[in-house]
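Here is the structure we will look at.
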Amino acid sequence: MYDHRKQLKCAIIRARAISDVDNLLPKYATVIDNLCPCTKAKFEEGFNNAFREYAISKARNKSNEKAIKKTLDNHRTEVSGSLFGMHYEVDGIVYSSERNKKFLEDNDQPAFFKDWLLKMQFPNGMQKSQTYLKMVEEKLCCHPYSILLRVLEYARRSDIVLLKQELGYYIFNSEDVLKGNATVNEVFDQIMNDKRGGIPPRKIIIPDGESTSYDQHVGDQLKYLQLANLIYIDGQEVKINPHEMKSINRFIELINKPLGFDVYKYDLSNVENRKRFETDWAIYYGQLSKYADDLATPVESLLLPVDEESKKLKRTNNKIELGDEGEEFVLNFEKDRVSKFNAHLVNKVLGLGKTKGLGYDIQSVIAEPGDFSEFVKYIEVKSTKRVTAPDLKDEVWTDTINITRNEWIAAMQHKEFYSIYRVYFIRGGVVMYIIKNPYQKKMDNIIDVVPLTYRVDFQNNSIDESYKEVNNHV
């Protein structure tokens, strides 16, 4: 029986502002993957060096080395490691997680957050022992975001809007929900009954001095659901994103199912067992969920507002790769730009992304006043998805793209006639940054270009041992 009056705070590790998290994620991923696998000491040194400038920029006292190191350690161990599961440690060696590697491949930031939230549970092993031991003692057993999303879906069907405070009171801070003792229907019915009766969402007095703490951890969890593109937040109002129902249904499927990681099979009464539990959790948590391939973010789910559910989508949703969406956007952008300069040149704007080995996706023309107006322009398109727009005012903002050998050769060959168009599909629109002549920028130390893969060609004289298995039953 659901008793909403029983309240229990159950927080996750705190991170930074929503825009900071979205901005830092690509750099987290790149730095971690470049360093790992490595020893714990090497990882600390490399990570802290990579983010030192950021930590200094955020420090109130730029010369306080202790505070700067504390910030760096927090981003390394607490945020990128324990919270997001981007790396984990086994026997003193730090590894880049599956989730981290997938993000570097698909550049889909909302999908990263979806997969992470899908594996979040209470109790978990991300926090210090005194925290998870308390969760176990309280007998928590919950996939909180599955329940929350189902309640928000019910609210949408009933044409009502729920507030942050209501979600915090009835779900995130509800003892019965956290212990798995409340059904979704019971929770939603209680909300509806209280709304009809005009009863405010918070019916009890939160312990003195803890009101801010209760509100903060609710806001944090809603923030991550927003970064996953699963909800919209407008002031205090929270709505489900109906264009993400495929992913949302994956969350809903977890309701009433056993927790993905069985904390209760561990005897946590001694230090050795707790360390084994923490390691097992970290490995599990960094692995992709079984639904990872179903969590891709449709471009339309970012571009369309929540209330446009019934309207037909302007774009088709049968794109195989994110790059196709980006190339389509840039191709239309270039045709429009060139047409405004000289309509007769539009037929020279060609989409060539399907042609292998060229080193660029679009062939256009300069289309600017001067002697080079009709010269060929070569464009490589790199696309990503995220909820917030990158903040170029952030002096330590960094983004990373992967380019092929052919693309870099084309950049060297075509120089000032070669550009990279970085396309960000964000909540409510598209942002695009153009990097002209990346080869010269490398020569001027404005950008870093790091070779990450090597081809190994070998012949018979390279073989040291051989092995052949013979099946005698054939």
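What the table shows:
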| quantity | calculated |
| --- | --- |
| Length gained when the stretch ILE401-ASP293 is fully extended (0.36 nm per residue, less Cα-Cα span) | 36.7 nm |
| Hydrodynamic radius (Kirkwood) for the chain, which is based on Cα pairs only, to one decimal in Å | 25.1 Å |
| Dimensions in Å of the stretch 330-474 - Rg and Dmax from alpha carbons | 21.3, 76 |
| The stretch 371-474: chymotrypsin sites (Phe, Trp or Tyr not before Pro) falling in loop per DSSP and having at most 16 other Cβ within 10 Å | PHE372, PHE375, TRP397, TYR454, PHE458, TYR467 |
| Interchain or long-range residues, amide H under 5 Å from PHE375's placed H | ILE366, ALA367 |
| Cα-based reach from LYS340 at 18 Å (exclusive), listing lysines while leaving out same-chain residues under 8 positions away | LYS348, LYS377 |
| Residue-normalised accessible area of the chain, expressed per residue, 1.4 Å probe, Å² | 53 Å² |
| Pairwise FRET efficiency - SER462 versus LEU350, Cβ, R0 = 45 Å, nearest 0.05 | 0.55 |
| Violating pairs (Cα-Cα greater than 22 angstrom) within the set LYS27/LYS102; LYS354/LYS382; LYS223/LYS385; LYS134/LYS223; LYS40/LYS265 | LYS134/LYS223; LYS40/LYS265 |
| Net charge of neighbours whose Cβ lies under 10 Å from the Cβ of GLY260, counting Lys and Arg as +1 and Asp and Glu as -1 | +2 |
| Anchor LYS70: aspartates and glutamates whose Cα lies under 19 Å away (excluding residues fewer than 8 positions away in-chain) | ASP20, GLU44, GLU45, GLU53, GLU78 |
| Potential extension, PHE341-VAL90 segment - 0.36 nm per residue separation minus Cα distance | 84.5 nm |
| Value of Rg to Rh for the stretch 64-117 (Rh from inverse mean 1/r over Cα pairs, i.e. Kirkwood) | 1.06 |
| Förster radius 60 Å - calculated FRET efficiency between GLU272 and ILE199 (Cβ-Cβ, nearest 0.05) | 0.75 |
| Rh by Kirkwood over Cα pairs, then Stokes-Einstein D for the stretch 1-116 at 0.890 mPa s and 25 °C, µm²/s | 159 µm²/s |
| The stretch 379-423: GluC sites (Glu not before Pro) in DSSP loop, at most 10 other beta carbons within 10 Å | GLU395 |
| Cβ crowding within 10 Å averaged over residues, with 176-184, 342-350 ranked highest first | 176-184, 342-350 |
| FRET efficiency, 1/(1 + (r/R0)^6) with R0 25 Å, evaluated for MET432 and THR453 via beta carbons | 0.40 |
| Sequence-distant lysines (8 or more away, or on other chains) whose Cα lies within less than 16 Å of LYS42 | LYS69 |
| Values of log10 I(q)/I(0), in the order q = 0.15, 0.19, 0.24 Å⁻¹, for the stretch 103-198 under a Debye, Cα-only, solvent-free model | -0.70, -0.97, -1.21 |
| Inter-label distance for VAL136 and ASN185, nm, one decimal - labels placed 7 Å from Cα along Cα-to-Cβ | 3.5 nm |
| Accessible carbon and sulfur surface of the stretch 1-144 relative to its total accessible area, %, 1.4 Å | 50 percent |
| Span-rule helices in the chain, defined as complete DSSP H runs reaching 15 Å or more along the axis (Cα) with Kyte mean at least -0.5 | 18-35, 109-119, 144-157 |
| Portion, in percent, of the accessible area of the stretch 342-402 that falls on carbon or sulfur, probe 1.4 Å | 51 percent |
| Loop sites in the stretch 379-455: trypsin sites (Lys or Arg not before Pro), DSSP, at most 15 other Cβ within 10 Å | LYS393, ARG455 |
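The values are calculated or read from the model by the stated rules, or taken from the named source; none is laboratory data. Note that the structure is a prediction, hence the values are computed from the model and not measured. Because the Cβ atoms are built from the backbone with ideal geometry, glycine has one as well, and the counts that use them run over all protein chains shown. What goes into the accessible areas is simple: the full protein's heavy atoms, side chains included, and nothing from ligands, DNA or RNA. Shrake-Rupley method; radii C 1.70, N 1.55, O 1.52, S 1.80 Å.
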